[in-house]
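Engineer: The structure's right below; bear with me while I get my questions together.
The values are calculated or read from the model by the stated rules, or taken from the named source; none is laboratory data. If you're wondering where the values come from, they're calculated on a predicted model, not measured in any experiment. Cβ sites come from the backbone with ideal geometry, for glycine too, and all protein chains shown count toward neighbours. Ligands, DNA and RNA are excluded from the accessible area calculation, which covers all protein heavy atoms including side chains. Shrake-Rupley method; radii C 1.70, N 1.55, O 1.52, S 1.80 Å.
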Amino acid sequence: MTVTIWHNPRCSKSRQTLALLRERGIEPGIVEYLKTPPRADEIETVLDMLGMEPRDLMRRKEAAYREAGLDDPGLGRRALVEAMTAYPVLIERPVVLAKGKAALGRPPESVLEIL
């Protein structure tokens, strides 16, 4: 089984989720999304897999969110997804992908349901 994690090594939830996977013998592909941001189409796919809208996957308390004017309710899905590619710090983490499904590791144990 191929498992991928959108990982931020500075985030405790991301580190906990990675440790949880490894405890279960799973060595995921690690994408440090701050260094290698996902493309817009990848974010769209993950949003669909999660059943979320862009703002549901965004860290709305980040300064970049306000500074980029992303709190504007008139912004559409495409603009918000593009903002996540431009400002990957806005992407909530970690996201785990496995078996054609995605899960947000908040709490870390929530990713177990897709494995």
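Engineer: Looking at (1) closer than 16 Å to R22 by Cα; (2) open to solvent by less than 10 Å² (accessible area, probe 1.4 Å); (3) without any contact (Cβ under 8 Å) to a residue 60 or more places away in the chain, which is the one condition that is false for G105?
Structural biologist: (3)
Engineer: I'd like the full set of residues that are open to solvent by 20 Å² or more (accessible area, probe 1.4 Å), farther than 22 Å from P9 by Cα, in contact (Cβ under 8 Å) with a residue 12 or more places away in the chain and more than 14 Å from the chain's Cα centre (by Cα), limited to the stretch 52-77.
Structural biologist: Within the stretch 52-77, A68, R77 meet the criteria.
Engineer: Given the structure, is I5 modelled with pLDDT of 95 or more, surrounded by 15 or more Cβ atoms within 10 Å (Cβ to Cβ), in contact with a helix residue (DSSP H, G or I) (Cβ under 9 Å, 6 or more places away or on another chain) and part of a strand (DSSP E or B)?
Structural biologist: yes
Engineer: For the condition in a helix (DSSP H, G or I) and under 23 Å from P28 (Cβ atoms), what is the one hit in E44, E82?
Structural biologist: E44
Engineer: Within the stretch 15-50, which residues are of a type in the set (D, E) and either touching a residue at least 24 places away in the same chain (Cβ under 8 Å) or within 14 Å of T4 (Cα to Cα) (or both)?
Structural biologist: Listed by number, the residues that qualify are E27, E32, E42, E44.
Engineer: In addition: Confirm whether A102 is within 14 Å of the chain's Cα centre (by Cα) and at pLDDT 95 or above.
Structural biologist: yes
Engineer: How many residues, within the stretch 10-37, are open to solvent by less than 60 Å² (accessible area, probe 1.4 Å), touching a helix residue (DSSP H, G or I) at 6+ places or on another chain (Cβ under 7 Å) and part of a loop (DSSP other than H, G, I, E, B)?
Structural biologist: 3
Engineer: Which condition does R93 not pass, out of (1) in a loop (DSSP other than H, G, I, E, B); (2) open to solvent by 40 Å² or more (accessible area, probe 1.4 Å); (3) within 19 Å of L20 (Cβ to Cβ), if it passes all the others?
Structural biologist: That leaves (2) as the condition not met.
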